[in-house]
Each structure stands twice: as C-alpha cells, then as structure tokens.
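Okay, structure first, notes after.
Just so it is clear, none of the values below were taken in a lab; they were calculated from the coordinates. A quick note: this is a predicted structure, and the numbers were derived from the prediction, not measured. Note that we place each Cβ from the backbone using ideal geometry, even for glycine, and neighbour counts take in every protein chain shown.
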Amino acid sequence: MSYDLLTTYQLAPSILSANFGRLEEEVGKVMDAGARVVHIDVMDGRFVPNITIGPVVVESIRDQVHEAGGVLDVHLMIENPERYIEAFAAAGSDWINVHAEACIHLNAVLAQIRAAGLKAGVTLNPATPLATIQEVTGDIDFALMMTVNPGFSGQQFIASVLPKIRRARMLLPDHVGIEVDGGVAPDTIEAALDTGANLFVAGSAVFGAPDPAAAARSLIEAMESRKEFSD
Ligand code: DX5
Ligand code: ZN
C-alpha cells in the first residue's frame, strides 16, 4: 500500500504548521479530508537553523496514521542522518528522506533506510544540481525537490526550481515518486503539477488555513483534476 502512495497523486500535509497541543485532532482533520501521507519535518539546528521534531513525536501519531491507512513521511533536515535512521524506523516511520547535501556516503545511507524496511528518498535543496542524484536513481523510492530553502514553513515558493523538477521526472524511473516541498498552496500547485511531480507537501497552506480540512480538500481536488500518474 505504501508503494501505491509513492506513485499516485498525494497531498502530504506537514505537521510543522499544526497546533502541537492538539496534534491528534489536527492529523485527524487532514486524514478525514483524504490525505494519506503525513509529512514530518525533522530539524537539528545545524543543517538548518530551526529545531523541531524527534522520534517521540513520530511515535505519538504512528497508530492513528497507520490505522487510517496512511504513511509517515519523515523528512530529515539533519547532519549525519545515518545516526538516526534506526530510531526513526523504530518510531514508526514508513518513508525517510535524507538531504544529499548532508550525506557524504549517500549510497550507503539510502541502503541503510531500505535495510530498515522503509522507503528511501533523497532530497535536494533549491540550488543543488539534479546531477547530484544521477548515480543513486536505482537506490531510491522517491526524490524530494525543495522549492524553499529548508528550515521554516510559510516561505515563498521558489519557481526557478520548476525546470529541475521537470528534468527529474525525465531522469527517474516511473516507479520513483517525486515530491515537492515548500510554498505549495492553491496559487502554486498548478505549476508544480505541470512538472510531473506527484507528491505535494503543504504546511501553512493547510494548517494555517481557517479550515484545514477544506484547505486539504481543495489541494487534493487540484491534483485529482490531473490525469492519473501512471507507472
Ligand atoms: C521546510 C519544510 C517544509 C515545510 C513546508 O523546511 O521541509 O516541509 O514545513 O511548509 P510550507 O508548505 O508552509 O512551505
Ligand atoms: Zn519537509
């Protein structure tokens, strides 16, 4: 099931913008609206300036997300991610993606994620060339293309990344999903959809909206109006 979620159109609400005092309720709202990929932004204050979520938060929502047929999509914005793969796997993560910029031994880290039984993704910052993942296209289940510089939700979508995402779709095999993260909102999702990407992270556009469920539904409708992503 998690494999289908990788290659179909999916909204991935980022809980970074949710109210952490009511996390269960917030996750419930977006899953009721149809989201099945819950995006979790892990930041260490070193790779990015901000400090956010650790494995205990993943663990706190794992049963709720899994019981509703969803997956936990863990975005590691941390240095030395290889030190934490097993802890995030044990906490219930389904997908883990690591930044190419944070991995000296990228091939080994991706193999470590898969060895833990998870789907492996690689992430590129806006200024990182697509060629950085040229030699690991056979080692990933999805690629995440940042359309903001990572660290905070609520930043402006960087449209100059769009041609790179289009080239990523041409480079990667069809069974590899492409996720877009940063500034995805009703006014940017159409351009992001035009690239051929199929997974769309949205933080402030969902949880910052007065009605998160309605906001999630309208982004899901934008995706569904496109033809099925086929593999
Ligand atoms: C940024 C994070 C994003 C962020 C998205 O560093 O990786 O996932 O939460 O938030 P929005 O959708 O508000 O840009
Ligand atoms: Zn993210």
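Multiply the residue gap between residue 80 and residue 115 by 0.36 nm, knock off their C-alpha separation, and tell me the result in nm, one decimal place. Display every interim value, and only then the final one.
Numbers: separation 35, 0.36 × 35 = 12.60 nm, distance 1.74 nm.
Computed gain between residue 80 and residue 115 is 10.9 nm.
Expressed as a rounded percentage, what relative contact order does the chain have, with Cα pairs under 8 Å and six or more residues apart? The partial results should precede the final answer.
Values: 476 pairs, mean separation 54.7, N = 231.
This gives 24 percent for the chain.
Starting from one equal scatterer on each C-alpha and no solvent at all, send me the Debye-based log10 I(q)/I(0) for region 1-137 at q = 0.09, 0.19, 0.22 Å⁻¹, two decimals.
Results for region 1-137 at q = 0.09, 0.19, 0.22 Å⁻¹ read -0.25, -1.14, -1.45.
How long are the three semi-axes of the equivalent ellipsoid for region 126-231, computed from the Cα gyration tensor as the root of 5 times each eigenvalue, in whole Å, largest first?
24, 16, 11
Work out the FRET efficiency for residue 25 and residue 135 from their Cβ-Cβ distance, taking R0 = 30 Å, and round it to the nearest 0.05. Numbers along the way, then the final one.
On the way: r = 43 Å, r/R0 = 1.45.
With R0 = 30 Å, the Cβ-Cβ based efficiency is 0.10.
For the residues 206, 161, what sequence is obtained by ranking on other C-beta atoms within 10 Å, fewest first?
Working: 206 32, 161 24.
By the 10 Å Cβ count, ascending, the order reads 161, 206.
Expressed in nm², what is the orientationally averaged projection area of the convex hull enclosing the Cα positions of the chain? Working shown, then result.
Values: hull surface 43.0 nm².
Dividing the Cα hull surface by four gives the mean projection, 10.8 nm².
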